Amino acid sequence: QNLTFTAFYRGVENSVFRVNTITTDEQNQDNQNLYNMHDLLQEDVLIRSYTNAGNSQAIGGEFTANLFVNKYAKFLFGASLYNYQIKGAVFGYDVDQNSTNWNIKTTGNFTLSTASKLSVDYNYTSATVTSQGQNDPFVSANIAYSYTPASLKGWSFNARILDVLQTNVQGLDTNAYNSSGDQIFYQETAYERNGPIVELGLRYTFNSKGKKAKKIKGSQADKHFK
């Protein structure tokens, strides 16, 4: 068995985040480009971009374990718990927020026979703050099966089922403020991946036996050392 615990601190200066704003002339007079765009279009337009929005830091711990139950089953487990903080300014609005983040990842590998193997994985990631809101928790679970028959040299068959629990939904909340602290934009977003998804695969490997290594001829030393 193999158990590991790691304490860590990670600090990033000028972190890059996805940010949002709108082209309202009164709220963006300090940004000439947005002011000109609003003056040209005569309406508000949502602007999304990536920019350096401040500094971020994370401090916490991570635990990993490789558990060998027997020759037929092996489990890999990982978990982390840390405090995440963002400090900076987004379009003139000061940002200072933090969250307690954690995640769990586990994988089970099972040898059903000499020709077939099964793998199951599960992942949970907690909610986390962003420069303009937060990302919602995320859960995913998948199953994979592979079959390599000895009677069919070079052939292998595999199948995967993604999003077994139908929980593959990525959600986020966005709050945008101007330099005066007035809220100018709010949005709730959810990216849904309709599951479960089944994938089937077939593979054939040419020359699966491989080439035999050529025997290296002996050197002059072989004549003296038998």
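Only residues that are modelled with pLDDT of 90 or more, part of a strand (DSSP E or B) and not charged (D, E, K, R) were counted in the range 134-171, giving 20. Among the polar types (S, T, N, Q) and on the phi > 0 side of the Ramachandran plot: does that describe GLN97? No.
Residue-wise test of (1) free of Cβ contacts under 8 Å to residues at least 40 places away in the same chain; (2) within 21 Å of TYR9 (Cα to Cα).
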| site | (1), (2) |
| --- | --- |
| VAL69 | yes, no |
| TYR82 | no, yes |
| VAL90 | no, no |
| ASN103 | yes, yes |
| PHE110 | yes, no |
| THR114 | yes, no |
| VAL120 | yes, no |
| TYR124 | yes, no |
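Per-residue answers, yes or no, for (1) assigned to a strand (DSSP E or B); (2) within 30 Å of SER116 (Cα to Cα); (3) open to solvent by less than 40 Å² (accessible area, probe 1.4 Å); (4) at pLDDT below 80:
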| site | (1), (2), (3), (4) |
| --- | --- |
| TYR35 | no, no, no, yes |
| ASP44 | no, no, no, yes |
| TYR50 | yes, no, no, no |
| GLN57 | yes, no, no, no |
| GLY61 | yes, no, yes, no |
| ALA65 | yes, yes, yes, no |
| GLY78 | yes, yes, yes, no |
| ILE86 | yes, no, yes, no |
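Taking the range 126-149 as the range and being in contact (Cβ under 8 Å) with a residue 60 or more places away in the chain and small (Gly, Ala, Ser) as the test, only SER131 passes.
Okay, residues lined up against (1) surrounded by 15 or more Cβ atoms within 10 Å (Cβ to Cβ); (2) in contact with a Phe, Trp or Tyr (Cβ under 8 Å, 6 or more places away or on another chain); (3) modelled with pLDDT under 85:
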{"site": "ASN2", "(1), (2), (3)": "no, no, no"}
{"site": "PHE5", "(1), (2), (3)": "no, yes, no"}
{"site": "GLU26", "(1), (2), (3)": "no, no, yes"}
{"site": "ASN83", "(1), (2), (3)": "no, no, no"}
{"site": "ASP94", "(1), (2), (3)": "no, no, no"}
{"site": "GLN97", "(1), (2), (3)": "no, no, no"}
{"site": "THR107", "(1), (2), (3)": "yes, yes, no"}
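Yes or no: PHE77 without any contact (Cβ under 8 Å) to a residue 40 or more places away in the chain and in contact with a Lys or Arg (Cβ under 8 Å, 6 or more places away or on another chain)? Answer is yes for this residue.
Residue-wise test of (1) surrounded by fewer than 16 Cβ atoms within 10 Å (Cβ to Cβ); (2) in contact with a helix residue (DSSP H, G or I) (Cβ under 6 Å, 6 or more places away or on another chain); (3) farther than 30 Å from ALA53 by Cα; (4) free of Cβ contacts under 8 Å to residues at least 12 places away in the same chain.
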position	(1), (2), (3), (4)
SER151	yes, no, yes, yes
SER156	no, no, yes, no
LEU162	no, no, yes, no
ASN178	no, no, no, no
GLY181	yes, no, no, no
GLU192	yes, no, no, no
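The values are calculated or read from the model by the stated rules, or taken from the named source; none is laboratory data. Not measured: the values here are computed from a predicted model. Here Cβ is always computed from backbone atoms with ideal geometry, including for glycine, and neighbour counts include all displayed protein chains. With ligands, DNA and RNA removed, areas are computed over all heavy atoms of the protein, side chains included. Shrake-Rupley method; radii C 1.70, N 1.55, O 1.52, S 1.80 Å.
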